[in-house]
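Note sheet for the following structure.
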Amino acid sequence: MSRRDLWRPASGCGPHCLPPPGGTPGVPAARRAARLVALLGMLVLGAGLAVVLPLLPAAERRAALGGWARVTARALGVRLVVRGRLPRRRALLVANHVSWLDVLAVLAVAPARLVAKREVRGWPLLGWLARAAGTLFVDRARPRDLPTTVGRVADALRAGRAVAVFPEGTTWCGAATGCRPAGGFRPAVFQAAVDAGAPVVPLRIGYRDALTGDATTAPAFLGAENLWRSLRRVLASRDLVLTVAVTTALHPAPGADRRMLARAAESAVHLCSAAAQPAARRAPAAWEVDLAA
């Protein structure tokens, strides 16, 4: 194993975290096929959107991205629910990372500039849309470039933009913290919020079955897994609910320690949110909206 590989985050989750075949209720094959066709249609629409986005004013660009993400999630049969309120101004949005669906969730809730791995640039259609949306790409194989990326995030925050990042650097199944070690939030990107004087808003992303209210790992996309296999599980899932819980914003003081800020955000995401708990045991939210309604 090279030093480059040692620098990259590695998930402790694996196939044992996923539901067994037939372990969760599914939809008929015809419904799966219809969802796939709808998804392909949204990808084609996204390619057209990528051409138009650079020409739109900032407000219209965010509205177009958010609308596309919401409709795409709906095409997949996913119900999106938001708990809490996002700040209206610039902020560094930090979230746990379970699935490729997380990106749709963040764009639907807060169409921010995303920080993504460099490989996304080469993805068919999605890479094109990501570039058009102003995504900030980071090369995980070149840790020396990280300060430059942090500087670009800080510049975007100073310019009044919201920036979203998954500071764990990899995906986790989301079932429990057993395969996710403490200190999973990498602190580097939090320096951008300190330098720009911008708030940090932790987001807790969770997936559950609408009928039982129980958390599910069906949408999880694990590092060694094939994307098509993960997509098939989502297409087959019945009553899948994606919840985004917005926790209290953190306001770093000038010169704040980015490591302490990262730990505080991680605690808010993994310990202080009830987004992944069964609905029957959750207290009513002060503000909740179902974006599929």
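What distance in nm separates the two pseudo spin-label positions at Val52 and Trp123, each 7 Å out from Cα along the beta-carbon direction?
Using points 7 Å along Cα→Cβ, the separation is 2.2 nm.
When only alpha-carbon atoms count, how far does region 26-290 stretch along each of its three principal axes, as whole angstroms with the largest first?
Over region 26-290, Cα extents along the principal axes are 56, 45, 36 Å.
Residue separation times 0.36 nm, minus the C-alpha to C-alpha distance between Asp155 and Arg131: what's the value?
Going from the current span to full extension adds 6.9 nm.
Under 5 Å between amide H atoms, partner at least 5 residues away or on a different chain: which partners does Lys117 have, H built in plane at 1.01 Å?
Correct list: Val138.
Measuring from label point to label point, each 7 Å out along Cα→Cβ, what is the Met260 to Ala141 span in nm?
So the label points at Met260 and Ala141 sit 3.8 nm apart.
Report the one residue of Gly41, Thr135, Val27 whose Cα lies farthest in the direction of the positive end of the charge dipole of region 26-290 (charges on C-beta: Lys and Arg +1, Asp and Glu -1; origin at the Cα centre).
Ranked along the dipole, the leading option is Gly41.
Under the 0.36 nm per residue contour assumption, what length would be gained going from the current alpha-carbon distance of Thr212 and Leu36 to full extension?
Extending this stretch completely gives an extra 60.8 nm.
Under a point-charge model restricted to the Cβ atoms of Lys and Arg (+1) and Asp and Glu (-1), what is the dipole moment magnitude of region 26-290 relative to its Cα centre, in debye to the nearest 20?
220 debye
Using the scaling law 2.2 N^0.38 Å as the reference, what is the normalised Cα Rg of region 20-149?
Scaled against compact globular proteins, the figure is 1.16.
Among 161-167, 49-55, what's the highest-first ranking by average C-beta atoms within 10 angstrom per residue?
So the peptides 161-167, 49-55, ranked by packing, come out 161-167, 49-55.
How would you order 131-141, 27-37, 91-101 from highest to lowest mean count of nearby Cβ atoms within 10 Å?
91-101, 131-141, 27-37
From the alpha carbon gyration tensor of region 197-269, can you work out the equivalent ellipsoid semi-axes (sqrt of 5 times each eigenvalue) and give them in Å, largest to smallest?
33, 15, 9
Determine, for each peptide in 78-84, 245-251, the mean count of other beta carbons within 10 angstrom over its residues, then list the peptides with the highest first.
Order by mean packing, descending: 78-84, 245-251.
Bear in mind that the values in this text are calculations on the coordinates, not laboratory data. Keep in mind that this is a model prediction, so the values were computed, not measured. Quick reminder, even Gly has a Cβ in these numbers, built from the backbone with ideal geometry, and neighbours come from all protein chains shown.
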